[in-house]
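The structure appears right after this line, and notes come after that.
Just so it is clear, none of the values below were taken in a lab; they were calculated from the coordinates. Just so it is clear, the model here is predicted, and its values are computed rather than measured. Cβ coordinates were reconstructed from backbone atoms using ideal geometry, including for glycine residues, and neighbour counts include every protein chain displayed.
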Amino acid sequence: MSTETELRRALQRIQAPDELEGLRRAWPLVRAAFEAREPVAWQRRNQWPLLAAAVVVAILAAALTSPGRALVGSVRDAVTSETVKPKPALTSLPAPGVLLVNSKNGPWRVQFDGSQRRLGPWWEGSWSPQAKYVIVTRGHRLAAIDPNAKGAIRWSLARAGTVRSARWSREAGDRVAYLNGRQLRVVAGDGTGDGPLRQLVGPTPPAWRPGGDRELAFSTVDGRIELVETDSTKTRWRTDPGEVPTQLVWSEDGERLLVLAERSLRVLDAEGHRLWATGLSVGPSGAAFVRKSHRFVLIRFSPATGRSDLVLLQAEREPGEARFLYSAPGDFGTLAMSPNGHWLLVGWVNADQWLFLRLTASKVVAISGIVEQFGGSERQGPLSKTFPSSVSWCCPASP
Amino acid sequence: MVGPGRQERAWIRGAQGGSASDLEALFREHWPRAHRAAFLVVQDAAAAEDIAQEAFLGAVRNLDRFDRRRPFGPWLHRIVVNRAIDWARARSLRRETGEVETGGDEFDTGELGNPFSEGIAAGLASLKPEQRAVIVLRYLLEYSPGEIAELLDLPRGTVNSRLRRGLDRLEDILDRERR
């Protein structure tokens, strides 16, 4: 048999891993793009109106309407920086609430009227439940500061390891979980009663379960996810090992947990059972739940095209059809849902912009020059290093 | 390059007229080979899926401009293979600049477990992306050298030399497998 014949036969037999799964994943996206397309003659006649229409199509009613009736489409190539003229400064937020922005120069508070205040030379911060305090870290120090009193320190403590990823429990606000090196610790909201919860854990920021009785999810070094009752230190459940996640995201009702890692997403129910999982391309990632819903927005990066997409999925037994919300070249770096659930803040790293996407109507607001607005400059390094790493938008009313 | 079959022309006409089911038929018909071709060139399952998906999205965006007297496959494969080459080149560049690279996925050599398939897979991995692309176009997708030259916008002599060098390399590997 000739080499050519052997080669032909061998190539016909080789199968790419996940070929059918890939087909299953790709088809909803292709169909969404198909449903959003316009006939060419019309498109040529109406180029500019099309851009506006693309924005309308993009900014999805889908987030808040039923999947079957949602008006959704792919707006690849249509909605980019060229179609949304950015404003040069953040003069106000599009929805009530207050932002906590973690920048290279420390955490900042941004109020509804756009006023900004740097909260001190801390490395990172996160809100207390009603934004009354911010829990901050720097080196070996953990502190609770008052953003309304020029960042005055209410209490602080120091630990031997590097302290980071502090998270205040949302319900009563009476517990703070944080990482001290590889140790997971919990301290009362007034800075008393500090103690270890687990001696060796993964690097993932812990996540308090909303509505739970002081229940905290964290990752182990082998990528298991564990839910622990912090008062009794008892483990409620623990998953099988997996990829160590970068982010744990609870739904507002505490019934779903997203386990987001560099190359995978696992969706768990409140008992730690896996509902579904999917592989992801290496690249920027992030996820945020739509308010009062089990649907969530996921950043999907495509290395082949260098584009980031925002897609809407559901944390149910099936992921449902992925629905495009937005697409742009480069990296999306952060997601934050407004307290009223109507707006999604998206950090567009390469463009040095924040995009506010209106989920219930047809509007995109872009703000440029984000790095500079939060004390950074080009001299500090590339945008990937200087763009604010996270934003949280406080505070949703209780569900 | 043969013209499209009656069935494919009907699917394209239906899709251009707005039929999602015709588009789905076209997608299901062409996905496996597009995905496999991308995978054989980039040798990374996630990237291959992205490339195939992006190619279909590009095809959908331009569906109305498509001349349905022409076959759909070459149009799609041109996008897939060119993007796959770009991706593989970019990966090589990242390796040169020392960026962290995740491991590629293993080939699934099919139910028959043909031992030569494994050798071929390893042999393909040792070729340059441009050589892999012409091998895949020739022996998986069954294009003639002239058609490959047209798809990749290359002189026919370049295609022939890449095919020859790729085949020589794979022949060496197959010879070792036979022994």
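For the Cα atoms of chain A, what angle does the longest principal axis make with the long axis of helix A:3-13, in degrees from 0 to 90, nearest 10?
Around 60 degrees separate the two axes.
Considering chain A as a Gaussian network with a 10 Å cut-off on Cα pairs, which listed residue, A:Gly286, A:Gly212, A:Gly306, attains the greatest mean-square fluctuation?
Checking each option, the largest mean-square fluctuation is seen for A:Gly306.
Just tell me which aspartates and glutamates come within less than 14 Å, Cα to Cα, of A:Lys150; anything on the same chain fewer than 8 places away is out.
Within the straight-line cut-off, A:Lys150 pairs with nothing.
Need the C-alpha centroid separation for region A:164-203 versus region B:35-83, integer Å.
49 Å
Any idea how far apart B:Arg13 and A:Glu255 come out in nm if each label point goes 7 Å out from Cα toward Cβ?
Distance between label points: 4.9 nm.
Tell me, Kirkwood radius of region A:122-244 from alpha-carbon pair distances, in Å?
After inverting the pairwise mean of 1/r, the radius is 14.4 Å.
Region A:255-359: which trypsin sites (Lys or Arg not before Pro) are DSSP loop and have at most 16 other beta-carbon atoms within 10 angstrom?
Those that pass, being in a loop and sparsely packed, are A:Arg263, A:Lys292, A:Arg317.
Can you give the FRET efficiency to the nearest 0.05 for A:Arg154 and A:Val221, using r as the Cβ-Cβ distance and R₀ = 35 Å?
E(calc), rounded to 0.05, equals 0.60.
Relative to the present Cα-Cα distance, how much length would full extension add between A:Asp240 and A:Gln380 at 0.36 nm per residue of separation?
Additional length available on full extension: 46.3 nm.
For chain A, which longest stretch is free of loop sites, where a loop site is one of the GluC sites (Glu not before Pro) that DSSP puts outside H, G, I, E and B and that has at most 11 other Cβ atoms within 10 Å?
A:83-270
Return the single residue from A:Ser128, A:Ser232, A:Ser384 with maximal mean-square fluctuation; model: Gaussian network over chain A, springs between Cα atoms under 10 Å.
A:Ser232
Past the 30 Å Cα-Cα mark, which pairs from A:Lys104/A:Lys292; A:Lys85/A:Lys132; A:Lys85/A:Lys385; A:Lys385/B:Lys128?
A:Lys104/A:Lys292; A:Lys85/A:Lys132; A:Lys385/B:Lys128
Under a point spin-label approximation (7 Å from Cα along Cα-to-Cβ), what is the A:Asp269-A:Ser389 distance to one decimal in nm?
Calculated label separation equals 3.6 nm.
State the percent of C-alpha pairs, over all pairs in region A:201-246, separated by a distance greater than 16 angstrom.
When all Cα pairs of region A:201-246 are counted, 31 percent exceed 16 Å.
Over chain A, what number does the Rg to Rh ratio reach, with both radii from the alpha-carbon atoms and Rh per Kirkwood?
On the Cα set of chain A, Rg over Rh gives 1.00.
To the nearest 20 debye, what is the magnitude of the charge dipole of chain A about its Cα centre, counting +1 on the Cβ of each Lys and Arg and -1 on the Cβ of each Asp and Glu?
600 debye
Give me A:Val346, A:Val282, A:Val98 ranked fewest to most by other Cβ atoms within 10 Å of their Cβ, as a rough exposure proxy.
Least crowded to most crowded, the residues run A:Val282, A:Val98, A:Val346.
Using Cα pairs closer than 8 Å and at least 6 residues apart in sequence, work out the relative contact order for chain A, in percent.
Across chain A, relative contact order equals 16 percent.
Tell me which residues come under 5 Å, amide H to amide H, from A:Leu325 once H is placed; ignore anything under 5 positions away on its chain.
For A:Leu325, whose amide H was placed from the backbone, the distant partners under 5 Å are A:Leu310, A:Val311, A:Leu312.
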